[in-house]
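Each remark here refers to the structure printed beneath this line.
The values are calculated or read from the model by the stated rules, or taken from the named source; none is laboratory data. All values reported here derive from a predicted model rather than from experimental measurement. Heads up, the Cβs are rebuilt from the backbone with ideal geometry, glycines too, and the neighbour counts pull from every protein chain shown. Just so you know, the surface numbers come from the protein's heavy atoms only, side chains and all, with ligands and any DNA or RNA stripped out. Shrake-Rupley method; radii C 1.70, N 1.55, O 1.52, S 1.80 Å.
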Amino acid sequence: MKGIAHFVSGVMAASFCPWAVRAAMEGNPLYFILGGAFGLLPDTVDFKFYRFFFRHDIYVDPDPLKHDPQPIADALAEAVNRAHRERRPVRIKLNTMKLGADLWQQYVVRFDPAKGEVLVKFGPVVNTGQVPVPGSAPEGAVGHAKLECPVVQTYDATTRVDIFDGPTFTMQPDEQGRVILHFLPWHRNWSHSFLVGAVLALGGWAIWSWQAAVVIFLGFSAHVLEDQLGFMGSNLFFPLTRQRFQGLHVMRSGDAVPNFTTVWFACLLIFWNLYRFMPEPLYHFTFLRLMLYGGVIPLGLFGLLHVLLTLGERKEKAAAVELADEFGDNMGS
């Protein structure tokens, strides 16, 4: 989920607490602020702090003046093979290729467990909005590098490296002689644990009250549960667990429709929780009527319009299926 969805979900969680609503009516917004702030906190910790302290064993710095994918493929294979040989995790960072103030050279990385190799291919030049520059895709070859052991995918088979900061992989050997590929290992790890949320809630209890502790835990937990709908998953019970639990693969964090729907329904629930605590509301309606007229009907119309407007795009994608996002094969040889 995007930050705005997590923030609104945290506020929504706070709105289910009667003391939060009563305090807000009396002019004290503390509980709603805590819900929104701790709904944002897990990603804030990861992206604003923790990733800058995460150390790597191998750094890949492609030359922006050369379209040679082979050194990138060799470095990725070396990370896997070193993890297998040395029986320890190996962390590798793929840096981006900046060509100008608003231009970046994209390259695509794909692990192929069936063939036991990693493939790298250069894509088009893109702007900071990730929109390709027409005619900029090079005709270069695909870089291939063999892997010494089987690998296990835990995320998308294809990773596109283009703008801002590049991705990190941790190659984790297991007891079966395989190497597990962990994408962005610094993300959704210890910061996305229910137990960490409980510790933060205890801190809130010490500073404010048990009511604040409940709001903090609910806002934090809403974030963790929403992230579990995606592909990466979270380390739900750190420090008792050390690995991320696999996500449900229902959506991706950047998908527009799920984010919009989450924010919409969260706002409706906030409205309902404020309404039901009003002493003398001007209008009377039931929860089901609110959800029907405020949620199901408008979002249903939006969904129908979205399907009609994107019908042509979906047909084009079906004709030139790009399967690599979900363990497919479109890199060629």
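Results, tabulated for the structure shown:
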| quantity | calculated |
| --- | --- |
| Within segment 225-250, considering residues that are touching a Lys or Arg at 6+ places or on another chain (Cβ under 7 Å) and farther than 26 Å from G303 by Cβ, the one surrounded by the most Cβ atoms within 10 Å (Cβ to Cβ) | S234 |
| Total residues in segment 164-200, condition β-branched (V, I, T) and either more than 28 Å from N95 (Cα to Cα) or outside any strand (DSSP E or B) (or both) | 2 |
| Members of segment 117-147 that are part of a loop (DSSP other than H, G, I, E, B), modelled with pLDDT under 95 and under 18 Å from I72 (Cα atoms) | A137, P138, E139, G140, A141, V142 |
| Cβ-Cβ under 6 Å pairs, at least 6 apart or on other chains, segment 8-37 side within 16 Å of F277 (Cβ to Cβ), far side of a type in the set (S, T, Y) and buried (at least 24 other Cβ atoms within 10 Å of the Cβ) | A14/Y31; A20/Y31; A23/Y31 |
| Test set (1) in contact (Cβ under 8 Å) with a residue 24 or more places away in the chain; (2) surrounded by fewer than 17 Cβ atoms within 10 Å (Cβ to Cβ) - P134 fails condition number | (1) |
| Lone unmet requirement of (1) part of a strand (DSSP E or B); (2) of a type outside the set (D, E, K, R); (3) closer than 17 Å to A145 by Cα for W104 | (3) |
| Looking only at segment 171-215, and only at residues there that are of a type in the set (V, I, T) and either touching an Asp or Glu at 6+ places or on another chain (Cβ under 7 Å) or over 24 Å from G247 (Cβ atoms) (or both), the one that is surrounded by the most Cβ atoms within 10 Å (Cβ to Cβ) | V215 |
| Residue in segment 251-269 that is out of contact with any Asp or Glu (no Cβ under 6 Å at 6 or more places or on another chain), more than 21 Å from V8 (Cβ to Cβ) and open to solvent by less than 60 Å² (accessible area, probe 1.4 Å) present | no |
| Tally, over segment 235-281, of residues that are in contact (Cβ under 8 Å) with a residue 60 or more places away in the chain and not in a loop (DSSP other than H, G, I, E, B) | 10 |
| Members of segment 101-127 found to be open to solvent by 10 Å² or more (accessible area, probe 1.4 Å), farther than 21 Å from H56 by Cβ and β-branched (V, I, T), listed by number | V125 |
| Qualifying position, being aliphatic (A, V, I, L, M) and within 15 Å of D227 (Cβ to Cβ), among A20, A5, A14, A37 | A5 |
| Segment 109-127 residues that are over 18 Å from K98 (Cβ atoms), paired with ones that are of a type in the set (S, T, N, Q) and open to solvent by 30 Å² or more (accessible area, probe 1.4 Å) (beta carbon under 7 Å, 6 or more apart) | F111/Q153; P113/Q153 |
| Exclusive hit being of a type in the set (D, E, K, R), surrounded by 11 or more Cβ atoms within 10 Å (Cβ to Cβ) and either under 25 Å from A114 (Cα atoms) or modelled with pLDDT of 90 or more (or both), set E326, E322 | E326 |
